[in-house]
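The values are calculated or read from the model by the stated rules, or taken from the named source; none is laboratory data. Keep in mind it's a predicted model, so treat the numbers as computed, not measured. Cβ placement follows ideal geometry from the backbone for every residue including glycine, while neighbour counts extend to all protein chains displayed. Remember, those area values only see protein heavy atoms, side chains included, never the ligands or the DNA or RNA. Shrake-Rupley method; radii C 1.70, N 1.55, O 1.52, S 1.80 Å.
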Amino acid sequence: MLRRSFVVAIDGPAGSGKGTIGKALAKHFGWKFLDTGLLYRAVAQKIISFQGSWCEDEAIRVAMNLSESELDHPDLRTPEVSKLASKVAAIQEVREALLDWQRDFVFDCDGAVLDGRDIASVVVPDAEVKLFLTASPEKRAERRHRELVAQGKTVELNHVLDELILRDQRDITRLSSPLVKTKDAIKIDTTTKSIQESLAVAINMVEKRLKGS
Ligand code: DC
């Protein structure tokens, strides 16, 4: 029988630092890392590539047939994909189609770090460590804006903030697996912390759990 690995679930809103901290945490311990937002982004990107209006059935079909190579598409972080990803992520059947993939990821390895919105609440509810990362909307928008500028995009910071607030709203209020901090998750507010400071807190939490305290 396949053995489930030690799992660190990281949830939080866009721009809270989940991806950066999750990746660094996995690297620190020599574990695997999965950015589950890429699954929803890949579904959105594929729909956009069809260049027409889309419907829920189409999104479900795309999610059911998604292949791993599609997670490497270079356009997964465009504002257009971000917007549609949060819409397709609200469709229950899309989420169900992507669930096995995420759950299979945590088997037969020493450790796995997954970041998303529903990792602790739905994907791996018995994860060994649950972290909930957060930061002020202004700080998160600033980080996203910096990323977009680095990609050569011209976009107003205020526009990024407005889009981010809209996406937060959709992710938090949707009926299907909304973004939520589970009671047993440890909150890390990254607003005024450097990446190294946030990472140190996360490493400390994992080490404590590994030592059994
Ligand atoms: O983390 P991200 O910004 O790359 O996620 C893209 C979208 O996918 C975002 O609107 C929330 C959604 N998402 C989700 O609903 N559940 C997850 N586990 C991961 C992402």
Query raised in the report: Does LEU179 satisfy being more than 18 Å from the chain's Cα centre (by Cα), within 16 Å of the ligand (Cβ to nearest atom) and either crowded, with 17+ Cβ neighbours inside 10 Å or within 15 Å of ALA85 (Cα to Cα) (or both)?
Result: no
Requested in this report: For residues that are in contact (Cβ under 8 Å) with a residue 60 or more places away in the chain and open to solvent by 50 Å² or more (accessible area, probe 1.4 Å), scanning just the stretch 194-213, find the one that is nearest to ASP115 (Cα to Cα).
Outcome: ILE195
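With respect to ASP75, determine if the residue is within 19 Å of the chain's Cα centre (by Cα) and either of a type in the set (Asp, Glu) or on the phi > 0 side of the Ramachandran plot (or both).
Details: within 19 Å of the chain's Cα centre (by Cα): yes; either of a type in the set (Asp, Glu) or on the phi > 0 side of the Ramachandran plot (or both): yes.
So ASP75 fits the description; yes.
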Report task. Residue by residue through the stretch 76-120, note down the ones that are more than 13 Å from the ligand (Cβ to nearest atom) and surrounded by fewer than 21 Cβ atoms within 10 Å (Cβ to Cβ). Result -> GLU93, ASP100, ASP104, PHE107, ASP108, CYS109, ASP110, GLY111
Query raised in the report: Taking the stretch 112-151, which residues are among the hydrophobic types (A, V, I, L, M, F, W, C) and not in a helix (DSSP H, G or I)?
Result: ALA112, VAL113, LEU114, VAL124, ALA127, VAL129, LEU131, PHE132, LEU133, ALA135
Query - Near pairs, Cβ below 9 angstrom, 6+ apart or cross-chain, from the stretch 112-123 (farther than 17 Å from ARG3 by Cα and of a type in the set (Val, Ile, Thr)) to any residue that is within 6 Å of the ligand (Cβ to nearest atom) and modelled with pLDDT of 95 or more - result: ILE119/THR36
Query raised in the report: Which one of the conditions (1) under 13 Å from TRP101 (Cβ atoms); (2) out of contact with any Lys or Arg (no Cβ under 9 Å at 6 or more places or on another chain) does ALA63 fail to meet, given that it meets all the rest?
Result: (2)
Query - Criterion violated by ALA14 - all others in (1) at pLDDT below 95; (2) open to solvent by 50 Å² or more (accessible area, probe 1.4 Å) satisfied - result: (2)
Requested in this report: For residues that are open to solvent by less than 70 Å² (accessible area, probe 1.4 Å) and hydroxyl-bearing (Ser, Thr, Tyr), scanning just the stretch 121-159, find the one that is nearest to the ligand (Cβ to nearest atom).
Outcome: SER121
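When residues of the stretch 160-176 are filtered for being in a loop (DSSP other than H, G, I, E, B) and surrounded by fewer than 13 Cβ atoms within 10 Å (Cβ to Cβ), how many remain? Steps first, answer last, please.
Going through the stretch 160-176, the residues in a loop (DSSP other than H, G, I, E, B) turn out to be 174-176.
Checking the rest, the ones that are also surrounded by fewer than 13 Cβ atoms within 10 Å (Cβ to Cβ) come to 175.
Qualifying residue count for the region: 1.
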Query raised in the report: Going through the stretch 18-35 one residue at a time, which ones are surrounded by 24 or more Cβ atoms within 10 Å (Cβ to Cβ) and either out of contact with any Leu (no Cβ under 6 Å at 6 or more places or on another chain) or closer than 11 Å to GLY116 by Cα (or both)?
Result: LYS18, GLY22, LEU25
